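Read the structure below first, then the notes.
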Amino acid sequence: MEQPNRFQKLVAQAKRNVTEISAAEARKQAEAGDAVLIDVREESDWREGRAQGAMHLNRGVIELEIEEQIPDVTKPIICYCGGGSRSALVAESLQKMGYENVRSMAGGFKAWKTVGLPTTES
């Protein structure tokens with residue numbers, strides 16, 4: 001069996017430190033206004049399609065811009081990426097910054113689309 005690479009190890013460690021929720025639960029919370037849904041993928045991915053109602057703060061800038069966009073550290077935040085790895089890393093990073101209620105969407109945008117949840121394109 002192939003050994004996990006460094007990135008996979010980093011993601012596995014992050015996933016032990018964050019809570020993952022399903023795409024259906026993420027949509028339910030975001031639609032009800034109970035959480036902010038944040039797409040952390042690259043701009044090109046965002047333009048091709050995203051979860052309906054999501055805001056965009058890609059992984060490269062989220063730590064710089066999150067306090068301006070979401071100053072309340074108690075506000076529930078759900079991060080997602082393409083498959084669930086980068087969003088786990090971002091969720092862990094936001095927790096380290098003091099955000100108290102951050103989740104990562106298991107399976108990312110792929111899972112969102114697989115279960116047929118609404119998407120938006122630019």
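The values are calculated or read from the model by the stated rules, or taken from the named source; none is laboratory data. Source: prediction; values computed, not measured. Methodologically, a virtual Cβ is constructed for each residue, glycine included, from the backbone with ideal geometry; neighbour enumeration extends over all protein chains shown. What goes into the accessible areas is simple: the full protein's heavy atoms, side chains included, and nothing from ligands, DNA or RNA. Shrake-Rupley method; radii C 1.70, N 1.55, O 1.52, S 1.80 Å.
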Top-ranked residue in segment 93-108 [being of a type in the set (A, V, I, L, M, F, W, C) and open to solvent by 30 Å² or more (accessible area, probe 1.4 Å); ranked as farthest from Gln52 (Cα to Cα)]: Met97
State whether the residues of segment 46-65 include one that is more than 14 Å from Gly108 (Cα to Cα), in contact with a Ser or Thr (Cβ under 7 Å, 6 or more places away or on another chain) and of a type in the set (Lys, Arg). yes
Is it fair to say Pro71 is modelled with pLDDT of 95 or more and either within 19 Å of Glu43 (Cα to Cα) or out of contact with any Asp or Glu (no Cβ under 7 Å at 6 or more places or on another chain) (or both)? yes
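A quick yes/no check of all residues on (1) in contact with a strand residue (DSSP E or B) (Cβ under 8 Å, 6 or more places away or on another chain); (2) closer than 18 Å to Val115 by Cβ:
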| residue | (1), (2) |
| --- | --- |
| Gln3 | no, no |
| Lys28 | no, yes |
| Gly33 | no, no |
| Glu42 | no, no |
| Gly53 | yes, yes |
| His56 | yes, no |
| Leu64 | no, no |
| Glu67 | no, no |
| Asp72 | no, no |
Positions within segment 42-51 being charged (D, E, K, R) and under 20 Å from Glu25 (Cβ atoms), in sequence order: Arg50
